[in-house]
Number of protein chains: 2
Amino acid sequence: MENNSIFIEKLRSSGLRPTKQRLEICKLLFDRKKTFHFTIGDLSKILKKETNKKISLATIYNTVHSFKKKGYLKEISINRDKSYFDTNTSNHHHFLDIDTNELIDLKKEDVDKIKIRKNLPGKKIQSIEVLVKVENNN
Amino acid sequence: MENNSIFIEKLRSSGLRPTKQRLEICKLLFDRKKTFHFTIGDLSKILKKETNKKISLATIYNTVHSFKKKGYLKEISINRDKSYFDTNTSNHHHFLDIDTNELIDLKKEDVDKIKIRKNLPGKKIQSIEVLVKVENNN
DNA sequence: ACACTACTTTAGAATCATTATAAATTAGAA
DNA sequence: TTCTAATTTATAATGATTCTAAAGTAGTGT
Ligand SMILES: [Mn+2]
Ligand SMILES: [Mn+2]
Ligand SMILES: [Zn+2]
Ligand SMILES: [Zn+2]
């Protein structure tokens, strides 16, 4: 009744054992059409609701960090209070709704290519990220 | 022997009493030609060295947050571990050296104007920030 | 199926930047 | 100088994240 086999392969191929905790988290994170932006706290709450068996908070942290290390998640820092993770691991830009603290992906075509006209000697560019903060129209 | 009068005015005009702690921090932060990017930890260390009288950590936090509220400092979140503050309160972009965790201002002319081709209904853009992560050339 | 070992999960403790508290001090006004 | 509100301060509390070390599990080989 599940397409778990896909996730099992995904995990195995990156040297992670497909435990039921990891599979549960995989289904929750990667069985989506749209990008998912979440904090560990969000994820923890959702797992509590949508799952019968409990997954310890330590495991959620461990798993999310493993997934990040394997390149399945991207971490986004927008404020010190909490770290956001992103199922869209490509280079992309974001809207941040400062009223709701919600992140929204911008598509390639939504932002002109950024051209940086300065370079630092001995340094090379690793990434260019745009954060567009938006708020309610009065 | 000081141009404290400038800072005293600055503080008074925004309803902050010019205490010696605030003046000390003003001198350290605003008596510079270049932008200063710092964490509270940085500031605390510098104050310990460059000052004879001690300023409590709580006061450093209070003061930096007051200055931010008054618009004399800008907060920049680049990772969850620490919050950076910026004496350049204009809208501007940054290099982040991921080897040293150092922030460097980009000038207006260093980055083409960013054009966002998407808008969210009911929302207006409050700011657009570019973060260019750089690392050592091999 | 069984045993073995490395990997994983887990509860709880530890960490650490930040925030809150509430008592002592100080600045500005009268 | 006196009075009051603003400020400073030491200290405790908070809370997200990381650490620990003990118990459980998956994969391998027999
Ligand atoms: Mn913040
Ligand atoms: Mn981080
Ligand atoms: Zn995203
Ligand atoms: Zn800056």
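Read-outs: derived from the displayed coordinates by stated rules, not from any lab. Worth saying up front: this structure is predicted, and the values here are computed from it rather than measured. Heads up, the Cβs are rebuilt from the backbone with ideal geometry, glycines too, and the neighbour counts pull from every protein chain shown.
Could you list A:Y72, B:Y61 in order of exposure, starting from the residue whose Cβ has the fewest other Cβ atoms within 10 Å?
B:Y61, A:Y72
For the protein assembly as shown, what is the charge dipole size about the Cα centre, in debye to the nearest 20, if Lys and Arg each add +1 at the Cβ and Asp and Glu each add -1 at the Cβ?
340
Separation between the B:K115 and A:S13 pseudo-spin-labels, each 7 Å from Cα along Cα→Cβ, expressed in nm?
3.9
In the Gaussian network model of chain A, springs joining C-alpha atoms below 10 Å, which of A:K33, A:K49, A:K118 carries the largest mean-square fluctuation?
A:K118
Run the numbers on chain B and let me know its relative contact order in percent, using alpha-carbon pairs under 8 Å that are six or more apart.
Computed over chain B, the figure is 18 percent.
When a/c reaches 1.5 or more, the comparison of a/b and b/c decides; with that in mind, is the stretch A:84-138 rounded, prolate or oblate per its Cα gyration tensor?
Taking the square roots of the gyration eigenvalues as a ≥ b ≥ c, the stretch A:84-138 is prolate.
Run the helix sum for the protein assembly as shown: -39,500 (n - 2.57) per DSSP H stretch of 4+ residues, divided by residue count, reported at 222 nm to the nearest 500 deg cm²/dmol.
Rounded to the nearest 500, it is -10000 deg cm²/dmol.
Running a GNM on chain A with Cα contacts under 10 Å, which residue among A:N79, A:N52, A:N119 ends up with the highest mean-square fluctuation?
Maximum among the listed residues: A:N119.
For the protein assembly as shown, what log10 I(q)/I(0) values come out of the Debye formula at q = 0.11 1/Å, with one point per alpha carbon and no solvent?
-0.80
What nm distances, shortest first, do you get from the label point of B:E135 to those in the other copies when the point sits 7 angstrom along Cα to Cβ?
Output for B:E135: 3.6 nm, nearest copy listed first.
Return A:R22, A:R80 ranked ascending by Cβ neighbour count within 10 Å, so the fewest neighbours appear first.
A:R80, A:R22
Would you compute the Debye intensity of chain B from its alpha-carbon atoms alone, equal scatterers and no solvent, and pass along log10 I(q)/I(0) at q = 0.12, 0.15, 0.22 Å⁻¹ to two decimals?
For chain B at q = 0.12, 0.15, 0.22 Å⁻¹, log10 I(q)/I(0) is -0.59, -0.86, -1.41.
Nearest 10 degrees is fine. How inclined is helix A:20-30 to the longest principal axis of chain A, computing both from alpha carbons?
Around 40 degrees separate the two axes.
When B:E102, B:E24 are ordered from fewest to most other Cβ atoms inside 10 Å of their Cβ, what list results?
With the sparsest Cβ surroundings first, the list reads B:E102, B:E24.
Tally the DSSP beta bridges in chain A and give the antiparallel ones as a percent, rounded to 5.
Working: 12 of 16 bridges.
The antiparallel fraction comes to roughly 75 percent.
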